[in-house]
Amino acid sequence: MSSSTRLAIDVGSVRIGVAAAPPDAGLAFPVETVARGAGDVERICALARERDAVTIFVGDPLTLAGDAGAAATDARGFARQIAEALPQIEVRLVDERLTTVMSQRSLADAGRNTRKARNVVDQAAAVAILQNALDTERVTGVAAGVAVRTQGSGI
């Protein structure tokens, strides 16, 4: 388990959910929802710097069959932008299949109207992505996901 802050982001076409886990914490918590568009990469970078993050997990929205569709292509492109803007921070893609659906269901079970609370859903999805990564780290002893490479190498 890392002794440094980790972030996770759930990249959507309209919003980006952000979650964090402080050093030596086993639990992720919601941070913020960032509007997608001008300034989004800069805001994610600022959040990473403010929290002295060493790793950012980016949800990779594969299809149920494990294929990379348009959403995964978009998330991977966004992950590369983050990796290029923050070369000192490890950026990793992690499988996020069903995290948004599970987050919506959990919030609905808690009595939240998910249509009115889309920002909360995005943050909850980021929490689910990060918690899964933390749990994987704890169980396997290795970082979850695949490292994002820049300048045309790797993913």
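On inspection, V58 qualifies as at pLDDT 95 or above and hydrophobic (A, V, I, L, M, F, W, C).
Taking into account only those residues within segment 64-80 that are surrounded by 14 or more Cβ atoms within 10 Å (Cβ to Cβ) and hydrophobic (A, V, I, L, M, F, W, C), which is farthest from I16 (Cα to Cα)? Full working, then the answer.
Filtering segment 64-80 for residues surrounded by 14 or more Cβ atoms within 10 Å (Cβ to Cβ) gives 68, 71-72, 74-76, 78-80.
Checking the rest, the ones that are also hydrophobic (A, V, I, L, M, F, W, C) come to 68, 71-72, 75, 78-79.
Details: A68: 19, A71: 13, A72: 14, A75: 10, F78: 11, A79: 12 Å.
This residue is A68.
How many residues does segment 4-46 hold that are part of a helix (DSSP H, G or I), of a type in the set (G, A, S) and buried (at least 20 other Cβ atoms within 10 Å of the Cβ)? Selection size over segment 4-46: 0. Considering the conditions (1) modelled with pLDDT of 95 or more; (2) closer than 28 Å to R138 by Cβ, V41 is excluded by exactly one of them, (2). When you look at P30, is it more than 12 Å from the chain's Cα centre (by Cα) and not acidic (D, E), yes or no? Judged against the criteria, P30 is not a match.
The values are calculated or read from the model by the stated rules, or taken from the named source; none is laboratory data. This is a predicted model, so every value here is computed, not measured. So basically every Cβ, Gly included, is an ideal-geometry build from the backbone, and we count neighbours across all protein chains shown.
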